[in-house]
Each structure stands twice: as structure tokens, then as C-alpha cells.
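Trainee: Have a look at this one before I ask anything.
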Amino acid sequence: MAISGPERNATGPVPGRSSGLFRTKSVEQSIRDTDEPDAKLRKDLTAVDLAIFGVAVVVGAGIFTLTARTAGNLAGPSVSLAFVLAAIACGLAALCYAEFASTVPVAGSAYTFSYATFGELVAWIIGWDLILEFALAAAVVAKGWSQYLGVVLGGHQPIWHFGSVSFDWGAVLLIAVLGLLLARGTKLSSRVSAVAVAIKLAIIALVIVVGAMYFDKDNLKPYIPESKPGESGGDGLHQSLFSFVTGGGHSTFGWYGLLAAASIVFFAFIGFDVVATAAEETKNPQRNVPRGILGSLLIVTVLYVAVSLVLTGMVPYTELEGDSTLATAFAAHGITWAKNLISIGALAGLTTVVMVMYLGQTRVLFAMSRDGLMPRKLAHTGPNGTPVRLTVIVGVVVALLAAFVEFGTLEEMVNIGTLFAFVLVSVGVIVLRRTRPDLPRGFKVPLVPLLPILSVLACGWLMFNLSVETWLRFIVWMAIGFVLYFAYGRRHSLLGQRAGDTGK
């Protein structure tokens, strides 16, 4: 049914645009859509559940592998500062996510927020961007999980070879099991996450305590090593956009290395924004979602900085060059049992990362399907209040990617996609404050517009330090998204149909 005039709430007309590429979906309409009987998610989650999800997805293999590799190959001891810089950017964005999630407690995260502020085209762009982030991250991390499973199995990698084709059955097994859990309900998934989080936090605590016994402050000198010529692969399209534009040429150690490291270790923080995708399934979301987002980010920042300081204090950073892990530093001191322990911790950590990324992917697609930008049938929920169809479809796609694709540097695509979402959400807070000051907000970002602007600058800076190659791939992905929107999404948009505008 077409809407002849602006929607109204108790206080009067609701601002919004009902036609054109930038037609906005009011917050009130978004909340009303959550009550559709066949597309309704069950509210089961508390602030503790959300914090568990946040820690579950953020603390993964990154703390066991990325920390050591970045120290040895890019930043040296200043990797701990790189984590702090990345955490500041994430913290600023987290404040913006917290305000939005408490104001618009609807599945879809940045997609839903953008629909209410910038309009449908931008919402589609960010939804398409989040599909890239969550699906690619889930597949990349699932392959990492499979590699650690091979370590636990005594070096027998869970991979079948068929001529020149390799099939990673370990990654497929993980995704299949997690798909069953997510289909059964988010509360059950949260309980499984809680167990895995407890295991990996216990192992991380042990790593910090034992590693501190071998700490030597002289290993932290120089804190920011002098820049040196990078490998040949670090030039051209492989160098950071910042070094390419400024003519720095090298991003190995020095300040260029530190800044490039901050952009890389940002990958280790990805996930707190997934908490916002579960807002619709949260009890009292205005209070609990901000607590879950900010609480989980604080916990993981402390853990990352502590582990990176202990690691670089245990051995000189030059001994961490190459494909090193935390176990490399322990092996240097003859602590051989650490390798298996760290592998078990990584398995537990990566299990929860894949689970929550998988959850985030289904909820973004669920929101887009409910709005008609994807097929509406996909927004159907089963008796457990979960989108079973979407869970199966996403599981199959991610499993195929993890089983057959070698990702290499594609993990940087996850970073640029996430940072782009952070920029839009940060700007969106300023926009919604101006356009809808009447909306009740369970949490408010302080010092608006200053902090959102700082968030945009910080995230933009990190994007600027990603490789030229990553930027080119991102542009291609966005171009594909534009084609799909005009070929399908615009014509099937539920908001457009209500207004009699389908772009035909």
C-alpha cells in the first residue's frame, strides 16, 4: 500500500523521504517491521551474552599469531602501540555504534542505521560491504581454525587433495556444526561461546603469567626500530596507499611500519560491531547493547596490549620475523609445551570468531531481505525464532569459500570493508542527531560532533594505510554491488513499493 504522506508518531510527523535513490526508512517503521509474525527474531540475549559475543569474536587467532607476525615483520616492539592506535579508532566507532544500536534496536547493524539516515542506496552499499566483511572473515578464520586442528592432530592437516584441487574438510566441518547451533537459537550459541571464551581466556592468562617470567626490558629497545627497505613485494600495488601517495616507498619498521601495523592489527579487533547486529534479539537493548559493545572492546584491548608487551619482552623482535606465533617466543626459551596449549586456545578462539561472524552475516542479510532488497522469502524465521533458510545458505557459501579458496592477502578486504562501515556509522550519528533529535537514546556519544568526526578521521587514516591492491579490489566489489542494486534491489524494495516508486 502506498504511503500518501509522512508517517506519524505521538509527537507529530516523522521526517523522511519516501522516493528516489535516497529514500529513508524511518526508525519507527524499522521497529514496526520487527513485529512481523513470520520474520520475528526471539529476544533472548542480555548484556553479559553480548559481551561474551564481543570477546568471542574479537579474541581469536589474532592474539596468538597476528601479534608475533606484526612485531617481527612490521613494527617491532611498537606493535603494542599499534594495538592502542587501532583500539582508539575502534573505541571512537564503538561509541557511535552504541548510540545507534540503543536508538534503532533492529537487526542489520550499520545497514539499518544507514537506511534511517542516508537513505536506501547508501544502506544497500553498506549492506553489500558488510556481506563482504562477514562472509570473507568467516571463511578466512575457518581456514585458520583448520590449520590449528592439524597441529592438534599431530601435523596431519585436515585437507583432501584431488589432483590440483584441495578440499579443506576441517573448515567445512566447523561451519556445518556452527550452522546447526545458530539454527537452534542465539541463546544456545551464546552458551557455547561462553565455554569457548572461558577456555581461551584461561590460556591467554597463563601465557601472560608464564611469559612475564622471561621478560627482559632490553628487548623493547629500540621501541620503534629504524625503517629499512622492504621486500620487493612491498612496493607497487602491495605498499600502503599512504606510502604510495607520500613517496615513502617502504612500510617496514619505522613510523611507516607502525602505521601500517595499526591498520593490519585492526583485523584483530573486528567483531565488536557484530554485537550491534544482535540488537533485535536483546532484552532491553537500549541499556544492554551499549554495555555489551563497550565492555567487550575494553576487555580485549587490555588483553592485546598485555600479550604484545610480554611477547616482545620475551625475545628480540628480530627473532619473530617470518611466520612466527606466540609459540615461537616460548620455544626460544625451551618451553615446548606452549605450542600445543596455544593451538588449543586458538581452536577455541577461532571457533567463536567464526560463529559470531556467521551470525552477523545472517542478520545483515535477514534485514536486507525483510526490506525487499534481497528476496523476501529469505527473511522467514523458524519455530526457534531464527532465520533457518539464511543460516543454511550462508553456511553453504562460506563453507565452499573456506574449502576451496586460498585467500592470501584477501584478509585485508575485511579491514577496508569494516572501516568503511565505521565511517558511515560515525557520520550517521551526527546526521540523526540533527534530523531526529526527538528520538529516545539509551546511550549518547559525548562531545558530538567532535568524537564522531575524530572517529571518521581515525578510520579514514587506517584505510589510507591499507595497500593499493586492497583499495582496487574494494572498488570492484562496490561496483558489482551497484549493478545488483539497480538490477534487483531498487525494483523490489518494500519501501519503494509502499511509496509506489520501484524505479521502473
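Trainee: Given (1) over 28 Å from Val448 (Cβ atoms); (2) buried (at least 24 other Cβ atoms within 10 Å of the Cβ), where does Val58 come up short, assuming only one miss?
Mentor: Tallying (1) over 28 Å from Val448 (Cβ atoms); (2) buried (at least 24 other Cβ atoms within 10 Å of the Cβ), Val58 fails exactly one: (1).
Trainee: Please determine whether any residue of the stretch 149-165 is touching a residue at least 40 places away in the same chain (Cβ under 8 Å) and among the polar types (S, T, N, Q).
Mentor: No: the stretch 149-165 contains no residue that is touching a residue at least 40 places away in the same chain (Cβ under 8 Å) and among the polar types (S, T, N, Q).
Trainee: Name, by its number, the condition in (1) basic (Lys, Arg); (2) part of a helix (DSSP H, G or I); (3) within 27 Å of Thr24 (Cα to Cα) that does not hold for Arg389.
Mentor: Failing condition for Arg389: (3).
Trainee: Could you check how many residues of the stretch 87-142 are of a type in the set (D, E, K, R) and at pLDDT below 85?
Mentor: Looking only at that region, the number is 1.
Trainee: Residues in the stretch 149-161 that are modelled with pLDDT of 85 or more and exposed (fewer than 10 other Cβ atoms within 10 Å of the Cβ): how many?
Mentor: 1
Trainee: For the stretch 338-358, check the following and say yes or no: at least one residue is under 24 Å from Val106 (Cα atoms) and either surrounded by fewer than 24 Cβ atoms within 10 Å (Cβ to Cβ) or among the aromatic types (Phe, Trp, Tyr) (or both).
Mentor: yes
Trainee: Turning to a different aspect of this structure: Which of the residues spanning the stretch 117-130 are out of contact with any Gly (no Cβ under 8 Å at 6 or more places or on another chain) and either of a type in the set (Gly, Ala, Ser) or surrounded by fewer than 24 Cβ atoms within 10 Å (Cβ to Cβ) (or both)?
Mentor: If the condition is that a residue be out of contact with any Gly (no Cβ under 8 Å at 6 or more places or on another chain) and either of a type in the set (Gly, Ala, Ser) or surrounded by fewer than 24 Cβ atoms within 10 Å (Cβ to Cβ) (or both), then Leu121, Val122, Ala123 are the ones that fit.
Trainee: Right, something else. What residue, among those in the stretch 140-179 that are of a type in the set (Gly, Ala, Ser) and not in a helix (DSSP H, G or I), is nearest to the chain's Cα centre (by Cα)?
Mentor: It comes out as Ser166.
Trainee: For the stretch 38-105, which fully contained helices (runs of 4 or more DSSP H) count at least 3 residues that are in contact (Cβ under 8 Å) with a residue 40 or more places away in the chain, touching a Ser or Thr at 6+ places or on another chain (Cβ under 9 Å) and farther than 27 Å from Lys339 by Cβ?
Mentor: Result: 47-58, 79-103.
Trainee: Quick check on the stretch 388-438: of everything there that is surrounded by fewer than 20 Cβ atoms within 10 Å (Cβ to Cβ) and polar (S, T, N, Q), which residue is modelled with the lowest pLDDT?
Mentor: So the residue we want is Thr409.
Trainee: Restricting the search to the stretch 306-332, which residues are of a type in the set (A, V, I, L, M), under 19 Å from Pro222 (Cβ atoms) and not in a loop (DSSP other than H, G, I, E, B)?
Mentor: Of everything in the stretch 306-332, those that are of a type in the set (A, V, I, L, M), under 19 Å from Pro222 (Cβ atoms) and not in a loop (DSSP other than H, G, I, E, B) turn out to be Leu309, Val310, Leu311, Met314, Leu320, Ala329.
The values are calculated or read from the model by the stated rules, or taken from the named source; none is laboratory data. Note that the coordinates shown come from a computational prediction; the quantities given were computed from them, not determined experimentally. Positions of Cβ are generated from backbone atoms using ideal geometry, with glycine treated the same way; all protein chains shown enter the neighbour counts.
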